[in-house]
1. P(r) for the stretch 107-158: what percent of alpha-carbon pairs falls in each 5 Å bin, starting at zero?
2. Per DSSP H run of n ≥ 4, the term is -39500 (n - 2.57); total these for the chain, divide by its residue number, and report the mean residue ellipticity at 222 nm rounded to 500 deg cm²/dmol.
3. Compute the distance in nm between two label points, each set 7 Å from the Cα along the Cα-to-Cβ direction, one at Asp111 and one at Ala30.
4. Please compute the length gained on full extension between Arg76 and Arg119, using 0.36 nm multiplied by the number of residues separating them and subtracting their Cα-Cα distance.
5. Where the Cα atoms of the chain are projected onto their three principal axes, how long is each span, largest first, in whole Å?
6. Take every DSSP beta bridge whose two residues both sit in the chain, then give the antiparallel share in percent to the nearest 5.
7. Helix hunt in the chain: which complete DSSP H runs extend at least 24 Å axially by C-alpha with mean Kyte-Doolittle at least -1.0?
8. Which one, Ala71, Tyr107, Leu136, projects farthest toward the positive side of the charge dipole computed for the stretch 62-145 from Cβ point charges (K/R +1, D/E -1)?
Amino acid sequence: MMVRVLFVCLGNICRSPMAEAVFQQMVNDAGRDDQIIVESAGTGAWHVGERAHSGTRAVLARHGIAYEGRAQQVSRSDMRDPDTIVVAMDNSNLRDLKRFGDHPHLYRLLDFATETTLREVPDPYYSGGFDNVYTLVVDGCRGLLSFVLDTYHLPPRK
Ligand code: 4NP
């Protein structure tokens, strides 16, 4: 069984690509890349086709994480796929996603965090703070990976 995790923010150049890259690294390290597909998208279309923001690329590079993805926009079919777990960065993303209709697996990343009481990843596009975003993303992604492995009963790696 393959599970797909789709991280969503507004522009798909700052927060959700960071979450995608961090989570992909965790999935790879756990030997689960044959069970979990990781992607990201934005609710908006302004940056479609662009590389991640330089702030996101710099933080990832500093942590030794490669990321080559290009921005894409969330589609109706993403939101119709019951095997996709959709993970929003903030309440505004959540509201925008709910306009596509009810989705059975729609969460906020920081619903899975254990080391912060924040439940929204702040948008660094205008005010920076990419290192803080990284810390929050790692916290949320750790909890999310446990959740996915537990919920979908993915068999342990051979
Ligand atoms: P992101 O950040 O949603 O984390 O990718 C933003 C990127 C672009 C814009 C806003 C937020 N924008 O207004 O273009």
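1. Percent of pairs per bin, in order: 5, 20, 25, 19, 14, 8, 6, 3, 1, 0.
2. -12000 deg cm²/dmol
3. 1.7 nm
4. 12.9 nm
5. Computed over the Cα atoms, the extents are 42, 37, 32 Å.
6. 5 percent
7. Helices passing the filter in the chain: 130-151.
8. Projecting each Cα onto the dipole axis, the largest value belongs to Ala71.
Here, each number is a calculation from the coordinates, and none is a lab measurement. Please read all numbers here as calculations on a predicted model, not as lab measurements. Every residue, glycine among them, receives a Cβ derived from its backbone with ideal geometry; neighbour counts consider all protein chains shown.
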